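Have a look at the structure below, then the notes.
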Amino acid sequence: MDLIQTAETLRERLERASKVAFVPTMGNLHEGHLSLMKIGKRHADCVVASIFVNRLQFGPNEDFDRYPRTFESDCAKLERESVDVLFAPHEHDMYPTPQVYRVQPPPVGDELDGAFRPGFFNGVCTVVLKLFNLVQPDYAVFGKKDRQQLKLVRGMVQQFNLPIQIVPGETVRSDDGLALSSRNNYLTPIERTEAPRLYRTLRLIADSIAEGRTDYANLEAAGRADLARHGWRVDYIAVRNGIGLRIPHPEGFDHPNLLIVLGAATLGSTRLIDNVDVIKKDGED
Ligand code: AMP
C-alpha cells in the first residue's frame with residue numbers, strides 16, 4: 001500500500017490506475033469501514049482509502065480533539081484488505097487558508113442529524129467535494145450507517161455533475177445489533193450492554209410498519225419514550241421515505257418498502273446514530 005500525503009504524489013500515483021474506487025474515512029477503522037474497502041475492490045483495480053479527521057464538520061462542543069486517532073493500526077488493517085493507496089493529508093494541506101467557499105446542502109441537510117449538529121453536512125459535503133477533486137475516483141463507497149450523509153453526497157454528485165458513481169455499503173453490526181462505530185470506543189462496559197437498544201428500537205418500529213401500522217408518530221413517540229426510560233437522551237426517532245428523506249404521508253400512502261427508520265440518541269456522553277430499512281433491501285439505499 002502506498003501512503004500518500006500530498007495532492008501531487010496522489011496525482012502521479014493514480015495515473016497508473018485504470019478505475020479508481022475511493023473510500024473516505026476519519027480513521028479508527030473497524031469492520032464496517034473494511035467492508036467498504038471490499039466493495040471498492042469489486043468495482044475497481046485501484047482502491048484509495050483516505051483518513052482525514054475533518055475539523056469543518058465538528059461543532060464547537062463536539063469531540064474533534066478526542067476523536068480516536070489510531071493511524072498505525074489503521075494502516076495495518078488497510079494493508080490486510082489489499083487497499084492500494086492510503087491518502088492521509090495534513091490539515092494544513094487540506095485547509096491552507098480558512099475554507100470560506102462551502103457546499104451548502106439543501107434544506108433536508110438541516111433536518112434529522114443536521115438539526116442537532118448545525119453546519120455538520122455543510123462541513124461533510126465540503127470536505128467530500130475537496131477529496132473527490134483530489135482523488136477523481138470513478139466510484140466512491142459510502143456506508144448506509146450514515147444514511148443522511150449518503151443521500152446528501154449522492155445529491156451533490158448529481159447536481160454538480162460529478163462523474164462519480166456512489167456505491168452504498170450495508171451497515172456492519174456486532175452480534176447484538178449495535179452498528180459498528182468509532183464512537184463505540186467511548187462507551188463504558190455498562191453503556192456497551194445498553195447500546196444495542198437503539199437498533200432494537202428502530203427495528204421494532206420498522207417491523208411494526210412492515211406488519212401494516214401507519215401511525216408513524218405514535219411509533220416514533222413510543223420508541224423515544226422507551227429509550228428515555230433506559231437513560232438515553234434522544235435527539236430523534238424518525239420514520240422517513242428513503243427517497244429524499246421526506247416525512248411519509250400520514251395516511252400511509254408511502255409503500256413500506258421505501259420507508260426507513262432513523263435515530264440518534266446519547267448514552268452517557270456518547271452520541272450514537274443508526275437506521276434500518278422497513279423491509280431489508282440488500283445493496284440499495
Ligand atoms: P467515518 O470514518 O465515520 O467518517 O466513516 C467512514 C465511512 O464508513 C462512511 O461512509 C460511513 O458510513 C462508513 N461506516 C461507518 N460505520 C459503518 C458500519 N458500521 N457499517 C458500514 N459502513 C460504516
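The values are calculated or read from the model by the stated rules, or taken from the named source; none is laboratory data. Only a predicted model underlies this, so the values are computations on that prediction, with no experimental measurement involved. Note that we place each Cβ from the backbone using ideal geometry, even for glycine, and neighbour counts take in every protein chain shown. These area figures cover heavy atoms from the full protein model, side chains too; ligands, DNA and RNA do not enter into them. Shrake-Rupley method; radii C 1.70, N 1.55, O 1.52, S 1.80 Å.
Yes/no matrix, rows are residues, columns are (1) of a type outside the set (Ser, Thr, Tyr); (2) out of contact with any Pro (no Cβ under 6 Å at 6 or more places or on another chain); (3) farther than 22 Å from ASP63 by Cα; (4) within 16 Å of the ligand (Cβ to nearest atom):
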residue	(1), (2), (3), (4)
GLY155	yes, yes, yes, yes
GLN158	yes, yes, yes, no
ASN161	yes, yes, yes, no
VAL172	yes, yes, yes, yes
ASN185	yes, no, no, yes
GLU191	yes, yes, no, no
GLU194	yes, yes, no, no
ARG213	yes, yes, yes, no
GLU220	yes, yes, yes, no
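Kindly provide the set of residues from segment 1-51 that are open to solvent by less than 10 Å² (accessible area, probe 1.4 Å) and on the phi > 0 side of the Ramachandran plot, ordered by number.
Residue satisfying the conditions is GLY27 alone.
What number of residues in segment 78-121 are surrounded by fewer than 20 Cβ atoms within 10 Å (Cβ to Cβ) and either touching a strand residue (DSSP E or B) at 6+ places or on another chain (Cβ under 7 Å) or polar (S, T, N, Q) (or both)?
Residues flagged as surrounded by fewer than 20 Cβ atoms within 10 Å (Cβ to Cβ) and either touching a strand residue (DSSP E or B) at 6+ places or on another chain (Cβ under 7 Å) or polar (S, T, N, Q) (or both) within segment 78-121 amount to 6.
When you check LYS145 against the structure, is it basic (Lys, Arg), more than 27 Å from ILE279 (Cα to Cα) and either away from the ligand (no atom under 15 Å from the Cβ) or not in a loop (DSSP other than H, G, I, E, B) (or both), yes or no?
Considered against the rule, which asks whether it is basic (Lys, Arg), more than 27 Å from ILE279 (Cα to Cα) and either away from the ligand (no atom under 15 Å from the Cβ) or not in a loop (DSSP other than H, G, I, E, B) (or both), LYS145 comes out as no.
Given segment 1-110, what strands (runs of 3 or more DSSP E) lie entirely inside it while holding 2 or more residues that are without any contact (Cβ under 8 Å) to a residue 40 or more places away in the chain and more than 20 Å from LYS151 (Cα to Cα)?
Strands (runs of 3 or more DSSP E) meeting the threshold: 46-51.
Any residue in segment 3-19 that is under 20 Å from LEU162 (Cα atoms) and within 16 Å of the ligand (Cβ to nearest atom)?
Looking for residues that are under 20 Å from LEU162 (Cα atoms) and within 16 Å of the ligand (Cβ to nearest atom), one finds none in segment 3-19, hence no.
Of (1) within 26 Å of PRO105 (Cβ to Cβ); (2) not in a helix (DSSP H, G or I), ASP176 satisfies all except one. Which?
Tallying (1) within 26 Å of PRO105 (Cβ to Cβ); (2) not in a helix (DSSP H, G or I), ASP176 fails exactly one: (1).
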